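Asks: Before I ask anything, let me first share the structure, which is written out below as structure tokens.
The values are calculated or read from the model by the stated rules, or taken from the named source; none is laboratory data. Note that this is a predicted model, so its numbers are computed, not measured. For neighbour counting, all protein chains shown are included, and Cβ atoms are generated from backbone atoms with ideal geometry for every residue, glycine included. Accessible surface areas use protein heavy atoms only, side chains included; no ligands, DNA or RNA. Shrake-Rupley method; radii C 1.70, N 1.55, O 1.52, S 1.80 Å.
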Amino acid sequence: MNPEKVVFGFFILLALTLNVGFVYGDIADPNHHHVWEFAAVFLVNGIATVLKLGDRTQMGAVLLATSLVAMLQLFAAALVWTIAAHGTEAGMTPGSLASVVSLAVGAVVANVVSVVLLIVETVLLRR
């Protein structure tokens, strides 16, 4: 067993599961979407992206692309959250939270593609 592959797979799956946990629930209810959970999603996706930087295969390039898409979506969500919470008089409104969650759902889609590609690559490995 290759410990590097275990860590790689662990962070890819953790990124997906944390992100699904964040977006699960009523899209505009702040009780269902906590800022610390979002911070964990952002951090773990960042770690997964860094781990994908070393792979120089075609599959590695596609995996990196999916991770970059997820990070872009999460960065946009963080920007919307920050501006809504600290840059407006209204603060975080249900509409702002819905935008954050919608962007995070885009990251979920990218994470799902990444996990599917990881599974395909694992199945196609020949010993």
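Asks: Filter region 1-16 down to residues that are over 19 Å from LEU43 (Cβ atoms) and of a type in the set (A, V, I, L, M), then give me how many there are.
Replies: Taking region 1-16 first, the residues over 19 Å from LEU43 (Cβ atoms) are 1-6.
Within this subset, residues satisfying the condition of being of a type in the set (A, V, I, L, M) are 1, 6.
Summing the residues that are over 19 Å from LEU43 (Cβ atoms) and of a type in the set (A, V, I, L, M) in region 1-16 gives 2.
Asks: Name the residue that is nearest to PHE38 (Cα to Cα), counting only residues in region 58-97 that are open to solvent by 70 Å² or more (accessible area, probe 1.4 Å) and among the β-branched types (Val, Ile, Thr). Give the derivation first.
Replies: Kept after step one, since they are open to solvent by 70 Å² or more (accessible area, probe 1.4 Å), are these residues of region 58-97: 58, 68-69, 72, 75, 79, 82-83, 86, 89-90, 94.
Subsequent filtering for residues that are among the β-branched types (Val, Ile, Thr) retains 69, 82-83.
Numbers: VAL69: 16, THR82: 12, ILE83: 15 Å.
Selected residue: THR82.
Asks: Return the total of residues in region 23-72 being within 14 Å of ALA110 (Cβ to Cβ) and among the aromatic types (Phe, Trp, Tyr).
Replies: We begin by selecting, within region 23-72, every residue within 14 Å of ALA110 (Cβ to Cβ); these are 23, 41-42, 44-46, 48-49, 52, 62-72.
This time we only want the ones that are among the aromatic types (Phe, Trp, Tyr), so: 42.
The qualifying residues number 1.
Asks: Out of region 1-33, which residues are open to solvent by 50 Å² or more (accessible area, probe 1.4 Å), touching a helix residue (DSSP H, G or I) at 6+ places or on another chain (Cβ under 8 Å), closer than 19 Å to SER99 by Cβ and without any contact (Cβ under 8 Å) to a residue 60 or more places away in the chain?
Replies: Matches in region 1-33: TYR24, ASP26.
Asks: Only one of (1) over 25 Å from MET1 (Cβ atoms); (2) at pLDDT 90 or above; (3) open to solvent by less than 60 Å² (accessible area, probe 1.4 Å) fails for ALA48. Which number is that?
Replies: Single failed check for ALA48: (1).
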